Amino acid sequence: MRAQTPARPTRRSSVRPWRAVLGAAVMAVALGAGQAAGDAVIRWAGLAGFPARLVPALLVAGIAVPLVLALRRRDGAPAARLGLTGPREATQGFVLGVAVVAGAAAVVFGAGTAAGWLRWSGLDPGALLAFLATNAVVAVLLEAMPEELSLRGYTWGTLRERYGPARTGLLTTALFVAVPGAASAVNAAVTWACGGDPGPIGPAPAGEDPIAYVVLLLVFGFMLVTARTATVSATIWTCVGAHLTFLTVNRVTLFGGERQAGWSADLVTADAILLVPVYVLLAAAGFVVVGRLLRRAANPARAGQP
């Protein structure tokens with residue numbers, strides 16, 4: 001399939017920019033309702049372990065993906081606006097997303113280990129492989145695919161039809177940060193309707209520092225926007241690979257012990273947590289550099305355009 005360039009703003013564009021909010025709304029509804037309904041199913045069926053993690057993931061993806069595709073059909077937009085490309089571009093983009101984020105994490109966590117900020121547990125290869133496999137399935141369905149398709153796909157693509165790259169990236173990231181709070185409200189409503197005990201409504205999950213959580217979301221959202229524009233085709237699968245790798249790296253290194261991942265790191269100093277936003281920013285820089293190199297190779301005359 002021939003590579004397609006990302007959507008660019010045009011004065012004749014008939015796209016209504018406010019429709020970009022619908023992408024974030026779809027994700028908030030899917031995340032809140034899917035997790036709440038999934039919890040109800042888990043309680044009713046008495047599920048545990050991997051099946052208990054899989055049910056909410058299937059529900060979230062089952063709500064978000066069809067709704068986003070329906071919005072695209074309603075707009076009469078091409079698949080390329082959402083970053084839905086052919087198998088070749090999708091595979092290359094996914095591998096690029098994984099490689100850039102994993103490489104940045106290896107550099108930063110390696111430096112942190114050398115500085116004595118991190119201390120690693122023993123490696124259990126079997127447990128690690130099992131965790132990577134099950135985590136990949138759940139993370140793609142629950143977070144990576146629906147969030148990227150709705151936000152860096154529909155929302156970013158809709159805004160990019162009208163605005164330049166900087167404004168598009170800022171607005172997309174702002175809507176991304178707003179999703180958890182909206183999703184918590186939807187979750188509370190659906191949980192109450194299902195006869196459960198609603199959790200707190202707010203911009204961060206229970207137990208998380210709201211300011212630190214929002215700052216991390218801003219950095220993470222910025223990185224994912226750079227991933228969206230890192231290939232000539234602007235395939236959404238670069239974002240999916242980057243998102244999945246970010247979740248996997250953090251869950252293994254920071255929460256590997258409690259998740260029985262077969263490998264984990266202990267934070268020797270509280271400052272070690274800053275390594276996470278540092279490697280995310282390094283990954284963002286990597287996507288920017290790779291994007292410029294790929295565009296220069298594909299079309300030297302337009303190499304400077306995102």
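The ranking of Cys194, Cys239 from fewest to most other beta carbons within 10 Å of each one's beta carbon is Cys194, Cys239. Would you please state which residues of the stretch 176-202 a label at Glu208 would reach in this model, taking the label point 7 Å out along Cα→Cβ and a backbone N cut-off of under 20 Å? From the stretch 176-202, the list is 176-191, 198-202. Taken about its Cα centre, the chain carries a charge dipole of about 1800 debye when Lys and Arg each add +1 at the Cβ and Asp and Glu each add -1 at the Cβ. Taking amide hydrogens as placed 1.01 Å from N in the peptide plane, the amide H of Leu118 sits under 5 Å from those of Thr113, Val268, each at least 5 positions away in sequence or on another chain. Derived scalar couplings between HN and Hα for the stretch 140-147 equal 5, 6, 7, 10, 4, 5, x, 5 Hz in order, rounded to whole Hz, by the Karplus curve 6.51 cos²θ - 1.76 cosθ + 1.60 (θ = phi - 60°), x for Gly and Pro. Within the listed set Val268, Val137, Val95, the residue fluctuating most in the Gaussian network model of the chain (springs between alpha-carbon atoms under 10 angstrom) is Val268. Shown for the chain are the DSSP H helices of 30 Å or more along their axis, judged by Cα atoms, with a mean Kyte-Doolittle hydropathy of at least -1.0: 20-45, 49-75, 87-114, 165-193, 275-298. Of all the options Leu84, Leu123, Leu67, the one that moves most in a Gaussian network model of the chain with Cα springs shorter than 10 angstrom is Leu123. Measuring spread by the Cα atoms of the stretch 17-302 yields a radius of gyration and Dmax of 18.9, 61 Å. Remark: Phe222, Phe287, Phe50 ranked as Phe50, Phe222, Phe287, counting other beta-carbon atoms within 10 Å and listing the fewest first.
Per residue of the chain, the DSSP helices (runs of n ≥ 4 H) give a summed -39500 (n - 2.57) that works out to -21500 deg cm²/dmol at 222 nm.
We did not get these values from a lab; they are worked out from the coordinates using the rules stated. For clarity, every value in this text was computed on a predicted model and none was experimentally measured. Virtual Cβ from ideal backbone geometry, glycine too; neighbours counted across all protein chains shown.
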